[in-house]
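Participant: Okay, handing you the structure first.
The values are calculated or read from the model by the stated rules, or taken from the named source; none is laboratory data. Note that the structure is a prediction, hence the values are computed from the model and not measured. With ideal geometry, Cβ positions are generated from the backbone for all residues, glycine too; neighbour counts draw on all protein chains shown.
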Amino acid sequence: MKPKLHILPVIIISQFACTSLWFAGNAIIEPLMLKTGMGLEIIGYALSSVQLGFIVGTLVFALLMIADRYPPARVFMFCALLASFCNFILLSASLSKGLLLMARFGTGFFLAGIYPVGMKIAADYYEKGLGKALGFLVSALVLGSAFPFLINGLEWGRDYGAVIMITSGLAVLGGFMLWALVPNGPYRKHSTKLVLRAGPDLFKIKGFRSAAFGYFGHMWELYAFWAFTPLAIETYNGIHHTAMPVALTTFGIIATGGISCVLGGLISLRHGSKNVALISLALSGSLCLASPFLFWLAAPLFIAGWILWSMAVIADSPQFSRLVADSVPIELKGTALTLVNCIGFAISIVSIQLLAYLVDRMNVNYLFLFLVLGPVLGLAGLKGKIP
């Protein structure tokens, strides 16, 4: 059965709208530093608290098999409303460090009912061409993640409250739109019984295990790269006495990654998801090693290198999701996608906090070298047999 034409665009738009909450805190770092009294370490804490909330959320969702036992569009809507509320807390006049971290944790917790559940909904509609569909879906995540930087970089977004109000409002609209326009998919298989060992037992499946470990390596690199890209631009400005606008340049760099998600999805139709993932990991790993040299290039070449890296670092993400979904029984797709997200984001916290720890202890030029561990481990994981 071919899905109605509006299904995929609605999922994509809703995913974009709701995932705009992810980097809303990091896009307004300077005002948050002033309100909480924190220093540069806030870069790591503001994102790591979202990641930690996401991890706890995905763990709860996976263990309770939420996305497989309840209508996923309804789960998506409720989580969008609650994540939006947590994001809105950042406007509190008495925002403290503790309240900031709690608000970002809550946002991350409810994002667990948005990002992986959105992929689950796509898998319920697209039995064939799932890699292509997920390419569009992760592209929406990329644009959503970059969007707060665009708002902050525009003249009318200089008031940091605009970033929070716009992203919170978008999330509410996205949640209601998906709930109203996307019913249960034709390939959804409802799980009626809670099986607490369902998640851990998935690792007994060889194809799932190989795809999952490849994804874990990818996640070591991805969010740390995104989180510290603004600092890389500031560092380049300091070295060369240039004045690249940090927020708008960050938006452009991250947003271009969405193009590679779509291209990777199209290429996967002919060459397979595994090959797209292998090439992406190899290219991003090479750019990790080349990163110290990028800082000494002319500005156009520095930006071109960072854009290429941004495209390589995310192109494999939808293909890993497709490999995971295809490797497990149909009634456990939601649990499988949620579980690998849970572990992957736990790994991302380690890399983010590692770079946050090192940022005051070493030259920023060499900071990104530590991310190469992810592509190396991801390539090793993909050596396993994947159908």
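Participant: Quick one: what pairs do we get from segment 346-370, first residue in contact (Cβ under 8 Å) with a residue 24 or more places away in the chain and among the polar types (S, T, N, Q), second crowded, with 21+ Cβ neighbours inside 10 Å and part of a helix (DSSP H, G or I), C-beta under 6 Å, 6+ apart or different chains?
Facilitator: Listed by first residue and then by second, the contacts come to SER348/GLN51; SER348/MET219; SER348/TYR223; SER351/TRP220; SER351/ALA224; GLN353/GLY44; GLN353/SER48.
Participant: I'd like to verify a number: residues in segment 214-240 that are closer than 19 Å to GLY257 by Cβ and charged (D, E, K, R), how many?
Facilitator: So the count comes out to 1.
Participant: Is it the case that segment 98-114 has a residue that's free of Cβ contacts under 8 Å to residues at least 12 places away in the same chain, more than 20 Å from the chain's Cα centre (by Cα) and closer than 30 Å to LEU34 by Cβ?
Facilitator: For segment 98-114, residues free of Cβ contacts under 8 Å to residues at least 12 places away in the same chain, more than 20 Å from the chain's Cα centre (by Cα) and closer than 30 Å to LEU34 by Cβ: present.
Participant: What helices (runs of 4 or more DSSP H) lie completely within segment 247-328 and have 1 or more residues being at pLDDT 90 or above and closer than 27 Å to ALA24 by Cα?
Facilitator: Values: elements: 273-294, 299-315, 317-326.
So the answer is 273-294, 299-315.
Participant: Just one of the numbered conditions (1) over 27 Å from SER20 (Cα atoms); (2) at pLDDT 75 or above; (3) among the hydroxyl-bearing types (Ser, Thr, Tyr) is not true of THR235; which one?
Facilitator: For THR235, the exception is condition (1).
Participant: Test each condition in (1) touching a helix residue (DSSP H, G or I) at 6+ places or on another chain (Cβ under 6 Å); (2) under 19 Å from ILE352 (Cα atoms); (3) hydroxyl-bearing (Ser, Thr, Tyr) for SER14 and report the one that comes out false.
Facilitator: Condition (2) is where SER14 drops out.
Participant: Sticking with this structure for a sec: Within segment 205-224, which residues are among the small types (Gly, Ala, Ser) and either closer than 16 Å to LEU141 by Cβ or buried (at least 24 other Cβ atoms within 10 Å of the Cβ) (or both)?
Facilitator: In the first step, residues of segment 205-224 are kept if they are among the small types (Gly, Ala, Ser); the result is 207, 210-212, 214, 217, 224.
ALA211, GLY214, GLY217, ALA224, listed by residue number.
Participant: Related question: What helices (runs of 4 or more DSSP H) completely inside segment 56-112 contain at least 1 residues that are closer than 18 Å to LEU170 by Cα?
Facilitator: Values: elements: 66-69, 72-88, 97-111.
Filter on segment 56-112 gives 72-88, 97-111.
Participant: Going by the structure shown, is GLY39 outside any helix (DSSP H, G or I) and surrounded by fewer than 19 Cβ atoms within 10 Å (Cβ to Cβ)?
Facilitator: On the way: outside any helix (DSSP H, G or I): yes; surrounded by fewer than 19 Cβ atoms within 10 Å (Cβ to Cβ): yes.
Against the criterion (outside any helix (DSSP H, G or I) and surrounded by fewer than 19 Cβ atoms within 10 Å (Cβ to Cβ)), GLY39 qualifies.
Participant: Determine which single condition GLY37 fails, assuming it passes every other condition in (1) on the phi > 0 side of the Ramachandran plot; (2) of a type outside the set (Lys, Arg); (3) touching a Phe, Trp or Tyr at 6+ places or on another chain (Cβ under 9 Å).
Facilitator: (3)
Participant: Looking at segment 245-278, which of the residues that are without any contact (Cβ under 8 Å) to a residue 12 or more places away in the chain and not basic (Lys, Arg) is nearest to ALA380 (Cα to Cα)?
Facilitator: In the first step, residues of segment 245-278 are kept if they are without any contact (Cβ under 8 Å) to a residue 12 or more places away in the chain; the result is 267, 270-272, 275.
Still in the running and not basic (Lys, Arg): 267, 271-272, 275.
Working: ILE267: 22, HIS271: 20, GLY272: 18, ASN275: 14 Å.
Among those that are without any contact (Cβ under 8 Å) to a residue 12 or more places away in the chain and not basic (Lys, Arg), it is ASN275.
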